[in-house]
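Here's the structure we're looking at; comments come further down.
What follows draws every value from the coordinates through simple rules; no lab data is involved. Being a predicted model, the structure only gives us computed values, none of them experimental. Every residue, glycine as well, gets a Cβ built from its backbone with ideal geometry; the counts of neighbours run over all protein chains shown.
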Amino acid sequence: MQGIRIQVLGFFTITVGERRLENLVAHSRRGVDLLVRLILQQGKPVSVQQLTRELWETTDVLHSHESALKTRVSRLRDLLDSVAPGLSECVQSGHKSYRYHPLENVTVDVLEMLDIIGRLQGEMPPEERLRCCRRVMEIYQGEPYLPLGTVGDVMQASYLRASYLRTAHTYAELLRERGDEAVLMDTCRLVLRQDPLDETLRAELIRALARAGRREEAAQEYALAVRLSRQLLDSEPGEELQACHRELMEKRAD
């Protein structure tokens, strides 16, 4: 098989070589939902009971649901083989369970991200840490594609989002230390489009703009932060942003 990339963050696609397939959800929305659920368990077996509960939103594992799950798995495997012969081998069955089995030539965005997040917990040279952070920023495109939105789905999405934001903070610190102001500002703006109330990155952006002599833009960013905080939280910005504002006022007075 050619190199295959499965993307589940933000939206679902499979890329085979240079060919990107974006209409697979239309062919089998629940089949894709099943595949994503297996992928997110990172190779651990997922019981038939759990899958039927999540896919049919029921606490009862009826015989009809088990049969429907087998049919769904079979159709998913057919769909995967239509994408690339042999790709169906990534979905394996066990005793009353199914699991995602990684294949040598197949990469998955969320699994790559989780692997990097794990490595970032340990010691590594600053340049390698910078590369790892940059890669997480490239990979994360939003929450995993999971149409049903169970409690477990929300928890999984929240964990991934929190991991992405922690990495973004680390990345911003590293960029500031390197003096890479342009990338720092782009990174802050990218994350703030997704999470406009992140005061740490808003402060990083304001200070980066001020260091670059773009104080009017910095003041506009603070004004935006004030407006969002009042509208969405019914409160004033936190101490970190207020400190940024004081710094701006002091420099303007100079």
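For L190 and E127, FRET efficiency with R0 = 22 Å and r from the beta-carbon atoms, rounded to 0.05? In this case the efficiency is close to 0.55. The angle separating the long axis of helix 109-120 from the principal Cα axis of greatest extent in the chain is about 50 degrees. To the nearest 500 deg cm²/dmol, what mean residue ellipticity at 222 nm is calculated for the chain from DSSP H runs of n ≥ 4 alone, each contributing -39,500 (n - 2.57), summed and divided by the residues? Only helices count here, giving -20000 deg cm²/dmol. FRET efficiency for the S82 to Q50 pair, using the beta carbon distance and R₀ = 22 Å, is estimated at 0.20. For the chain, take the longest principal axis of its alpha carbons; what is the angle in degrees between that and the long axis of helix 215-228, to the nearest 10 within 0 to 90? Value to nearest ten degrees: 60. Projecting the Cα positions of A219, L192, P237 onto the charge dipole of segment 181-254 (unit charges on Cβ atoms of Lys, Arg, Asp and Glu, taken about the Cα centre) puts A219 furthest along the positive direction.
Taking the number of Cβ atoms within 10 Å of each Cβ as an exposure proxy, the fewest-first ranking of M249, M185 is M249, M185.
Using R0 = 51 Å, the C-beta based FRET efficiency linking V151 and R215 works out to 0.65. Stokes-Einstein, applied to the Kirkwood radius of segment 4-107 over Cα pairs at a viscosity of 0.692 mPa s and 37 °C, places its translational diffusion at 235 µm² s⁻¹. Altogether, the Stokes-Einstein calculation at 10 °C and 1.306 mPa s, with the Kirkwood radius of segment 74-139 over Cα pairs as Rh, returns a diffusion coefficient of 112 µm²/s. Checking every one of the trypsin sites (Lys or Arg not before Pro) in segment 54-147 against DSSP loop status and a limit of 13 other Cβ atoms within 10 Å picks out K96.
Separation of segment 110-148 and segment 7-30 by C-alpha centroid, Å? For segment 110-148 versus segment 7-30, the Cα centre distance is 21 Å. When only Cα pairs under 8 Å and 6 or more residues apart are kept, what is the percent relative contact order across the chain? With pairs under 8 Å counted, the relative contact order is 17 percent.
Taking the chain as the reference, fit the longest principal axis to its C-alpha atoms, fit the long axis of helix 199-211 to the helix C-alpha atoms, and give the angle between the two in degrees, 0 to 90, nearest 10. Computed tilt is about 50 degrees. Here each label is just a point 7 Å from Cα along the line to Cβ, and for R135 and M249 those points are 4.5 nm apart. Placing a label point 7 Å from the Cα of D115 along the Cα-to-Cβ line, the residues of segment 3-35 whose backbone N sits under 17 Å from it are 3-9, 15. Ranking of T71, T187, T150 by neighbouring Cβ atoms within 10 Å, starting from the fewest: T71, T150, T187. Summing charges over neighbours of A168, with a neighbour being any other residue whose Cβ is under 11 Å away from its Cβ, gives -1 when K and R count +1 and D and E count -1.
Per the Debye formula with a single identical scatterer at each Cα and no solvent contribution, what log10 I(q)/I(0) holds for the chain at q = 0.15 Å⁻¹? Debye intensities relative to I(0), on a log10 scale: -1.05.
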